[in-house]
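The values are calculated or read from the model by the stated rules, or taken from the named source; none is laboratory data. Just so we're clear, the structure is a prediction, and the values are computed from it rather than from any experiment. Note that we place each Cβ from the backbone using ideal geometry, even for glycine, and neighbour counts take in every protein chain shown. Please note that ligands, DNA and RNA were not included when accessible areas were found on the heavy atoms of the full protein model with its side chains. Shrake-Rupley method; radii C 1.70, N 1.55, O 1.52, S 1.80 Å.
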Amino acid sequence: MVDALSKLLGIIIAILLLFIFPLQESYARQADIQYLNVFKSTTEFTDAIRDKGYITPRMWLDFQDEITQLGMMMDINMEHFSKQYDPIYDDPLEPATFHEEFLVRHEITNTAGIMEVLFPNNTEPKEALTRRYLLKIGDYVQVIVHNRQQTAADVMLEWLTSSFAEWKRIDVSVGGMVRNEDY
């Protein structure tokens with residue numbers, strides 16, 4: 001009886017060491033490659049925005065295609081921070097009351113506001129200049145991408161450890177200041 005139990009335990013350990021752990025490691029590498037691809041695509045998209053000073057529907061759709069080719073469902077969010085300068089007056093109707101100071105504030109436009117410009121409810125072609133979302137030098141743009149589902153590595157790790165802990169997300173946040181207005 002003891003020999004049968006030790007042989008069964010040996011077979012289970014051999015299966016784990018020969019098949020399951022290498023499979024889990026392969027899935028973990030696949031998740032790392034997915035992260036690197038998302039990071040590369042997001043960085044290229046953000047750098048193109050920063051270099052050109054605008055976003056076109058074609059740029060957005062190409063970026064979305066690159067992300068969805070990974071086979072995972074991703075949430076993509078964009079934020080545009082534009083710096084606004086408001087002069088400070090005692091009486092805004094009297095120019096003589098100007099204090100020679102400015103109030104600096106940041107106006108934030110999120111993904112929905114950007115999409116309204118890129119994809120309006122009309123029949124204009126995608127190449128139309130009115131469908132460009134324009135940014136100014138000194139504005140800040142940020143693109144945030146994260147996955148909505150577990151990777152195969154997370155599922156396998158949960159199965160091996162019998163735990164349902166928080167799973168590793170692919171979170172990529174790339175941004176920077178707009179360097180050029182090429183429009």
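Structural remarks
- So Asp47, is it surrounded by 10 or more Cβ atoms within 10 Å (Cβ to Cβ), among the acidic types (Asp, Glu) and within 21 Å of His146 (Cα to Cα): yes
- Selection status of Ile170, at pLDDT 90 or above and either in contact with a strand residue (DSSP E or B) (Cβ under 9 Å, 6 or more places away or on another chain) or not hydroxyl-bearing (Ser, Thr, Tyr) (or both): no
- Annotation: Ala28 fulfils all but one of (1) open to solvent by less than 60 Å² (accessible area, probe 1.4 Å); (2) hydrophobic (A, V, I, L, M, F, W, C); (3) modelled with pLDDT under 85; (4) out of contact with any helix residue (DSSP H, G or I) (no Cβ under 7 Å at 6 or more places or on another chain); the unmet one is (4).
- Residue within segment 164-175 that is open to solvent by less than 70 Å² (accessible area, probe 1.4 Å) and more than 23 Å from Asp47 (Cβ to Cβ) present: yes
- In the condition set (1) in contact with a Ser or Thr (Cβ under 9 Å, 6 or more places away or on another chain); (2) open to solvent by 40 Å² or more (accessible area, probe 1.4 Å); (3) among the basic types (Lys, Arg), Arg131 is compliant with all but (2).
- Applying the condition of being touching a strand residue (DSSP E or B) at 6+ places or on another chain (Cβ under 6 Å) and hydroxyl-bearing (Ser, Thr, Tyr) to segment 124-147 and asking which residue is nearest to Val172 (Cα to Cα) yields Tyr140.
- Residues of segment 106-128 classified as surrounded by 12 or more Cβ atoms within 10 Å (Cβ to Cβ) and under 28 Å from Leu36 (Cβ atoms), total: 4
- When the criteria are applied in full, Phe21 fails the requirement of being buried (at least 19 other Cβ atoms within 10 Å of the Cβ) and among the hydrophobic types (A, V, I, L, M, F, W, C).
- Subset of segment 134-151 [at pLDDT below 85 and surrounded by fewer than 18 Cβ atoms within 10 Å (Cβ to Cβ)]: Arg148, Gln149, Gln150
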